[in-house]
1. Pairs please, first residue from the range 26-40 and open to solvent by 20 Å² or more (accessible area, probe 1.4 Å), second anywhere and aromatic (Phe, Trp, Tyr), Cβ atoms under 8 Å, 6+ apart in sequence or on different chains.
2. Condition (residue is of a type in the set (Val, Ile, Thr) and either at pLDDT 95 or above or within 17 Å of residue 105 (Cβ to Cβ) (or both)) applied to the range 39-54: is it met by at least one residue?
3. For residues that are free of Cβ contacts under 8 Å to residues at least 60 places away in the same chain and out of contact with any Ser or Thr (no Cβ under 8 Å at 6 or more places or on another chain), scanning just the range 71-87, find the one that is surrounded by the fewest Cβ atoms within 10 Å (Cβ to Cβ).
4. At least 1 residues that are in contact with a Gly (Cβ under 6 Å, 6 or more places away or on another chain) and under 22 Å from residue 29 (Cβ atoms) in each: list the strands (runs of 3 or more DSSP E) lying fully within the range 45-120 that qualify.
Amino acid sequence: VQLQASGGGLVQAGGSLRLSCAASGRTFSRYAMGWFRQAPGKEREFVGGISWSGDSTHYLDSVKGRFTISRDNAKNTVYLRMNSLKPEDTAVYYCAASRFGYITSAAGNYDYWGQGTLVTVSS
């Protein structure tokens, strides 16, 4: 599986962005998908994930109610909708695929990673 993340950019605080992660390969629907982010000088952290079916999602506490993950298995794409963005959301965002199928926050449980897309939120 190859992943290509896109949709990052510069946005003012309070604004919105939607990140996309397009996957190649016919087995995309078998993978749980996760979004991670890494801010300058900080470790990579789990932002949220979605199960292989899309029936279950899980989020980092600080983004609950602001971020929404969805997926379209017919299009081999997963999305991260980010609303009410804050300067502390500034980071490189990565999508990742886990063959476990269920949501996991551990980066080590993800088998494939996208290249990252930069989100910058200005105050």
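The values are calculated or read from the model by the stated rules, or taken from the named source; none is laboratory data. Quick caveat, the model's predicted, so the values are computed rather than measured. A quick note on method: Cβ atoms are made from the backbone with ideal geometry, for glycine too, and the neighbour counts reach across all protein chains shown. All accessible areas refer to the heavy atoms of the entire protein, side chains included, with ligands and DNA or RNA removed. Shrake-Rupley method; radii C 1.70, N 1.55, O 1.52, S 1.80 Å.
1. Short answer, once both residue conditions are applied: 29/52; 30/52; 31/52; 31/112; 38/94.
2. Within the range 39-54, the subset of a type in the set (Val, Ile, Thr) is 47, 50.
From what's left, either at pLDDT 95 or above or within 17 Å of residue 105 (Cβ to Cβ) (or both): 47, 50.
Looking through the range 39-54, at least one residue is of a type in the set (Val, Ile, Thr) and either at pLDDT 95 or above or within 17 Å of residue 105 (Cβ to Cβ) (or both).
3. Going residue by residue through the range 71-87, those that are free of Cβ contacts under 8 Å to residues at least 60 places away in the same chain are 71-78.
Then drop every residue that is not out of contact with any Ser or Thr (no Cβ under 8 Å at 6 or more places or on another chain), which leaves 72, 74-75.
Numbers: 72: 13, 74: 8, 75: 12.
Among residues in the range 71-87 that are free of Cβ contacts under 8 Å to residues at least 60 places away in the same chain and out of contact with any Ser or Thr (no Cβ under 8 Å at 6 or more places or on another chain), the one surrounded by the fewest Cβ atoms within 10 Å (Cβ to Cβ) is 74.
4. Numbers: elements: 45-50, 57-59, 67-72, 77-82, 91-98.
Filter on the range 45-120 gives 45-50, 57-59, 67-72, 91-98.
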